[in-house]
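The values are calculated or read from the model by the stated rules, or taken from the named source; none is laboratory data. Every value quoted in this text rests on a predicted model; they were computed, and no experiment measured them. Note that we place each Cβ from the backbone using ideal geometry, even for glycine, and neighbour counts take in every protein chain shown. We work out accessible area using only protein heavy atoms, side chains counted, and drop any ligands, DNA or RNA first. Shrake-Rupley method; radii C 1.70, N 1.55, O 1.52, S 1.80 Å.
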Amino acid sequence: MLLFKTQNLMVEYNFSEVEPKWQQYWESKGIYKVRIDSSKPKYYALDMFPYPSGAGLHVGHPLGYIATDILSRYKRLKGFNVLHPMGFDSFGLPAEQYAIQTGQHPAITTKENIDRYKEQLKSLGFSYDWSREVRTSDPSYYKWTQWIFKQLYNSWYNITNDRAEPIETLIAKFEENGNDKVGVIGDQKIETFTAKEWNNAREDQKQKILLEYRLTYIAETTVNWCPALGTVLSNDEVKDGYSERGGHPVIKKSMAQWNMRITSYAERLLSGLDDIDWPDAIKDMQRNWIGKSIGAEIDFKFENSNDNIRVFTTRIDTIFGVTFMVIAPESNYTDQLTTPDQRIEVEKYVVAAKNRSERDRISNVKQVSGVFTGSYVMHPFTDQKIPVWIADYVLAGYGTGAVMAVPSGDQRDFDFGKKYQLPIVQIIDQQNITETEADSTKNGKMVNSSFLNGLTPIQAIPKGIEAIVEKGIGTAKVNYRIRDAVFGRQRYWGEPIPVKFKNNLPEVLEDHELPLVLPEVDKYLPTEDGAPPLGRADNWQDTDGNAYEMTTMPGWAGSSWYFFRYMDPDNSEQFASPEALAYWENVDLYMGGPEHATGHLLYSRFWTKFLYDRGFIKVDEYAKKLVNQGMIQGRSNFVYRVKNENTYVSEGLKGDYDTYALNVDVNIVKDEVLDIEAFKLFRKDSKNAHFVLEEGKYKCGWEVEKMSKSKYNVVNPDILIGSYGADTLRMYEMFLGPIEHSKPWNTNGIEGVYKFIRKFWNLFHNEGDQFIVTDQAPTEAELKILHVLIKKIEEDIEKFSLNTSISSFMISTNELGTLKCNKRSILTPFTILIAPYAPHLAEEIWRLLGNSESIFNAEFPVFSPEYLIEDRFEYPVSINGKVRVKISFSIDESAKFIEQMVLANPTVRKWTDGKSPKKVIIVANKIINIVI
RNA sequence: GCCAAAGUGGCGGAACUGGUAGACGCGCACGACUCAAAAUCGUGUUCUUUCGAGAGUGAGGGUUCGAUUCCCUCCUUUGGUACCA
C-alpha cells in the first residue's frame, strides 16, 4: 500500500495518540464553546454547511474548512471572540431517491450520514462549537424556515419606500386610494381598481388581488419540469436543459406554483454587490444573472383598433430601422393579432414551439423560425404599416414578450428578416451590413431616421426617449433578466409549506401551528393521480378539514438563513434573539465553492435583505467577505493492458504494444509507480498477469478527471489521517497551493509535510526524545528568525495566503535546527504561531513547555521590527541587466561612494571591458545596474 | 459567441508597490548509515553548452536602465452564461 508507517518515527512524535487525546480534552473542557462577550470584538467565520451524502467526506471537502479553522484559531489568539459553527443542509434529493429505492425513511439515512460526517470532521481537529450545530431537516429548525416563509407571504414590496412592508400597509392603501399609485416590479399585469371597488369586493376577490403583491405567492407560471425527478426546478438548478442533480432532461410546462418574488429585490441585489468583499467572479455571475438592461418601452398601435402593443428596447436610436415586429408564441397578443386566414398556420407553429424542449431550442440557436400573424401595427413616427410575426426566439418571460425588429442592427432580427424576405434598412452611416451579418455597433451618425439624423447613436437614445415621452407613447425603462424563483417542489424530503387551502384560496398557518411537521407516507412517490408524495399522508389537513399544501420547499430554503440561526440555535421563541443578532451581526468570512454563485449565494442575500426590511435583523448583507475555495479534482492513474492478453505494459513502453488504458486505484500507486502485489489483489483476474517493466518498475500514466468511485481516484481523508495524522493532512492541504485555485488531488508530497512536523518536534527534543528546552537568552540571529516569521504569518493569514505560511514554517524550522536553537523564548512564540495550522502538535508541545491551560487561550506573539534592522546590504550588481557580482555596503552609504567602489571592482571592470558606462542606476537597498 | 480567471522546471507551487526568476516541498541522482532493504541524514538538481557563456516565466510586439509583474495583439486551459431585444 501507499501509506507505510515507519516504526522508528512513532517513538518520536506519536500523532495517533496525541491527536485523539487533545480532541477529547478540547471537547470535554468545552474549549470551543462561545458566548456573547461584549468585552471582546467578535469574529464570525463560516463554512458553507455540507449536504451529508452517503459517500462521506473526500479529501476535497476539508480544504475550505481547514482554511476557516486556521483563521478562527488565529483570530482567537489575536483576542477576538470567534463564532465558528458547523451544521448540515440535510433536506435534499439524494436521500429521497435512496428512500424511493429502498423504502428506508430519508430521516434515517440522513442521520447516519450526518453521524459519519461529524466523526470525520472531528478527526480533523476543527474548532467548531458543536453545541451550535443546526440541521435544516430538524423541525425545531424548519419551524423558523416556515416562519420566514410566512413573513414573506405577509409582506409586499413598496417601491416608493424601496423596501418590503407588512401586507397591512398595502391593504390600507387600497382602502384609501385603490391600487392606482401602487407600483410593482416584475411582469404581473394587475387590473387597476378604486378604493370603492376594493372596499366592495368579496374577501376571496381581495385575497386573489393580494396574491399579486405578496413576496411569496402562488401563480400559474411556466416552470422547468423534470419528469424523471417528478418535480419542478428553479432556473439555477437547470444546466443546458438538464437537471443539475442527476442530469435528467427538463421541459417547459405551465403549472400553478409557489414563487418567491426575488425580482422585487433585483436592483438592491445588484447595487449591494458594491459594498461586499466577494470575489469578482461571483459578483459578475450575479450581475449577469440579474441582467439589468436600461432602455425604453414604446407602444405600437394596432392597424385596425385603438389597442396597442408595448415593446422593450435598449436601442431606441434604431427606431427608424424597425421593419417588422416579433412576438413570443406564448404572448397574450397572439390570439388577438392572428387573422382568420393565418389562424391554422399560427396554431400549428405555437403548438410546435411549446413542445420544443429547452435542449432543442438551445442546440438550434442559429435556426430562426416563425410565422406571420396576418396583422400590422403602425410605426409611431412614420405611421408605416409594420407586419407582426410570431417567433420562438422571442421569450415570453422577458420584457413585454414582444420585440421591435431592427434587422440592420441585430443579428437575430437580421437572420429572421433574411429568411422571410423582410426589408432591411440602414440607419447609421458607418453601419457595415453584409450578406450574412448585421452591425450592432454604435459608431457613426444616424441616417434615414427623421429627427434623429446626424446624431450619434449615443446622442439619439435620450433624444428618442424624449420624443416618445412627449408623444405619450412610451417611457424610459429598466429591465431585469432575473425571474421570480419557483419555490415549490413535488417531493417529500423538504420543509412542508405552512399553508392550507380554504375555498381554493391559500392561507398561511398561525404561528402556534408551526412547525408543520413532515408527515409519514407509505411510499416516497407521487400519488396515483399525480399529486406530490405528501398527498399520500393520512389527514394532511387541519382540524377543520382544510387541506395542507402538498409541495415542499426547495433545497435552498433552509440554507438561505442558517447563518443567523447559528447565533442563537436553541431559541424556541425567535429565529434568533435580538441580542445575539446585534452582537454577531453578520459573517466576517464565508468560505465555500463558487458553484453556488447564482443559487444559494443569491437567494440568501435576498432573504437577508427581506429580514432587514422587516426589521428582524440589523444588516442587509449577511457575509462581508466571501472566499471561494477551488475545487479539488480527481487525478486518475492508468495501467496499460495488451489487447487479448493478461499482460500490462509500463507507461513508457506502451507505444511498442497494442494496449488499452484501465483506471487503477490511486491508493496503490505511489509517485506513479504501481504496487504490483496490491494490483494483483485489486484486479482478481490479474493474479497471474505478466508485467513489462521499465527500470524494474511499473510506471502508471495519469490524467485529471472528476473525482469518482468508478474512476478509482477517490482519496479518503480517514486513510491519510490514519497514516500521517490530522495536522499533517491540514498542513498538506494548505501547502498544495492558493486556496482559491482548483487543482487535482495528489497525495505525492505529503511526506514532506510529515517530515517537517517531525523536524519541528525535534527542535524541542534530543536524539533520545528527551525534552531539552532551555532558558538561555536568545541570540540576535534567533530573534530575527522568529520575528521574520511572526510578520510573515500575520501577513499571510490576513490575505489568505496559507500555502506560503507553510513554507515559512519550514524555512524557520530548518534555520533554527541549523542553529541548534532550543531556547524557550524563541520556541514558545513559535509554537503559538503554528497552533492554528497544527493544533494538536502545538497543544502537546505547549503542555510540555509547562503550561496548564490550552494554547488557544494564549496570545499571539507581537512582531517587533527592531529585530529585522540590518546595517549592511549585499547589492546584486548587474551589467546590462545581468547579475554578475554581489558587493556588500553599509545601508546608509552614499550613492557616489557606492558607484566608485562598484566601478573599481575587478569583476565589474572585466565586464565593462574598459568602456565607460553610459549610466549607473543605484536603487537603495535593492539593486545596482550598470549600462554600457 | 459573450463574461471572468489562469498559463513559470519532471510535478505542486514561490517572487511584496517593476529590481538577484524558480523560495518551500515532491520526484530524481549521488553519498553516509546498514550484511541488505526501508527509514533517516547530507550534497546536487530550469534547459542548452565548445564550460567562456547563452537561452528562459503560453506566443509575438511595446514601454523601461531593468518586465513573471505594466500596455497591445494572439493562442491554450478552466469556470460561468447562452436567442434577454
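How far is it, in nm, from the label point at A:Asn304 to the one at A:Ser140 when both lie 7 Å from their Cα along the line to the Cβ?
Output for this residue pair reads 7.0 nm.
If the chain between A:Asn766 and A:Glu874 were fully stretched, how many nm would it gain, using 0.36 nm times the residue separation less the Cα-Cα distance?
35.3 nm
Let's test the formula: R0 of 35 Å, r as the Cβ-Cβ distance of A:Thr434 and A:Glu705. What FRET efficiency results, to the nearest 0.05?
With R0 = 35 Å, the Cβ-Cβ based efficiency is 0.20.
If the viscosity is 1.306 mPa s and the temperature 10 °C, what Stokes-Einstein diffusion coefficient in µm²/s follows for region A:447-507 when Rh is the Kirkwood radius over Cα pairs?
Calculated translational D: 94 µm²/s.
Using a 7 Å offset from the Cα along the Cα-to-Cβ direction at both A:Met378 and A:Asn503, what is the distance between the two label points in nm, to one decimal?
If labels sit at A:Met378 and A:Asn503, their model points lie 4.6 nm apart.
With the dipole of region A:175-297 worked out from charges on the C-beta (+1 for Lys and Arg, -1 for Asp and Glu) around the Cα centre, which of A:Leu270, A:Asn224, A:Ile282 lies farthest toward the positive end?
The residue sitting most towards the positive pole is A:Asn224.
What distance in nm separates the simple spin-label points at A:Lys791 and A:Gln411, each placed 7 Å from Cα in the Cβ direction?
Placing both labels 7 Å along Cα→Cβ, they lie 5.4 nm apart.
Can you give the charge dipole size of region A:870-931 about its Cα centre, rounded to the nearest 20 debye, using +1 on the beta carbon of Lys and Arg and -1 on the beta carbon of Asp and Glu?
Result for region A:870-931 is approximately 440 debye, rounded to the nearest 20.
Give a quick list of GluC sites (Glu not before Pro) in region A:471-522 that DSSP marks as loop, anything other than H, G, I, E or B, with at most 15 other Cβ atoms within 10 Å.
Counting only loop positions with at most 15 other Cβ atoms within 10 Å, the GluC sites (Glu not before Pro) in region A:471-522 are A:Glu510, A:Glu520.
For every helix of n ≥ 4 consecutive DSSP H residues, a contribution of -39,500 (n - 2.57) applies; sum these over chain A, divide by its total residues, and give [θ] at 222 nm rounded to the nearest 500 deg cm²/dmol.
Theoretical 222 nm ellipticity from helices: -10000 deg cm²/dmol.
Taking every DSSP beta bridge that has both residues in chain A, what percent is antiparallel when rounded to the nearest 5?
Percentage antiparallel, nearest 5: 80.
Region A:693-805: D in µm²/s via Stokes-Einstein (Kirkwood Rh, Cα pairs, 4 °C, 1.567 mPa s)?
Answer, rounded: 73 µm²/s.
In angstroms, what radius of gyration and Dmax does region A:730-867 have, counting Cα atoms only?
15.0, 46
Give the cross-link partners of A:Lys29 among the lysines, using a straight C-alpha distance below 19 Å as the criterion and excluding same-chain residues fewer than 8 apart.
Answer for A:Lys29, where 19 Å is the Cα cut-off: A:Lys21, A:Lys118, A:Lys122, listed by chain and number.
Just subtract the alpha-carbon distance of A:Ile458 and A:Lys29 from 0.36 nm times their residue separation and send over the number in nm, one decimal.
147.6 nm
Within region A:618-650, find all residues whose amide N lies under 17 Å from a label point positioned 7 Å from the Cα of A:Ile676 along Cα-to-beta-carbon.
A:639-642, A:646-650
Pick out, from A:Tyr142, A:His61, A:His248, the residue whose Cα sits farthest towards the positive end of the charge dipole of chain A, with +1 on the Cβ of Lys and Arg and -1 on the Cβ of Asp and Glu.
A:His61
Using 0.36 nm per residue of separation minus the Cα-Cα distance, give me the extension gain between A:Lys882 and A:Asp240 in nm, one decimal.
Gain on extension, A:Lys882 to A:Asp240, equals 225.7 nm.
Using the crude model of +1 on Lys and Arg Cβ and -1 on Asp and Glu Cβ, and no other charge, please compute the dipole size for region A:155-213 relative to its Cα centre, in debye to 20.
The dipole of region A:155-213 has a size of about 60 debye.
Do me a favour and compute the ellipsoid semi-axes for region A:155-213 from its Cα gyration tensor, root of five times each eigenvalue, largest one first, whole Å.
So the equivalent ellipsoid measures 17, 12, 11 Å along its semi-axes.
Hey, with R₀ at 56 Å, roughly what FRET efficiency would A:Ser53 and A:Asp335 work out to, going by the Cβ-Cβ distance, to 0.05?
With a Förster radius of 56 Å, E is 0.70.
At a temperature of 4 °C and a viscosity of 1.567 mPa s, determine how fast region A:632-714 diffuses translationally according to Stokes-Einstein, using the Kirkwood radius over alpha-carbon pairs as Rh; express D in µm²/s, rounded to the nearest whole number.
Translational diffusion coefficient: 102 µm²/s.
Quick check for you: which residues of region A:633-654 have the amide N under 12 Å from the point 7 Å beyond the Cα of A:Asn688 toward its beta carbon?
A:646
For a Förster distance of 56 Å, can you work out the FRET efficiency between the beta-carbons of A:Phe451 and A:Lys625, rounded to the nearest 0.05?
With R0 = 56 Å, the Cβ-Cβ based efficiency is 0.65.
For region A:517-629, take the convex hull of the Cα atoms, compute a quarter of its surface area, and give me that in nm², please.
Mean orientational projected area (region A:517-629, Cα hull): 10.0 nm².
Just the Kirkwood number for region A:870-931, please: inverse of mean 1/r across all distinct Cα pairs, in Å, one decimal.
11.5
Quick check for me: using +1 on Lys/Arg Cβ and -1 on Asp/Glu Cβ, what's the dipole size of chain A about its Cα centre, in debye to the nearest 20?
Taking the Cα centre of chain A as origin, the dipole is about 2220 debye.
How many Å² of accessible area per residue for chain A, probe 1.4 Å?
46
Provide, for q = 0.07 Å⁻¹, the log10 of I(q)/I(0) from a solvent-free Debye sum over equal Cα point scatterers in chain A.
The computed values of log10 I(q)/I(0) come out as -0.81.
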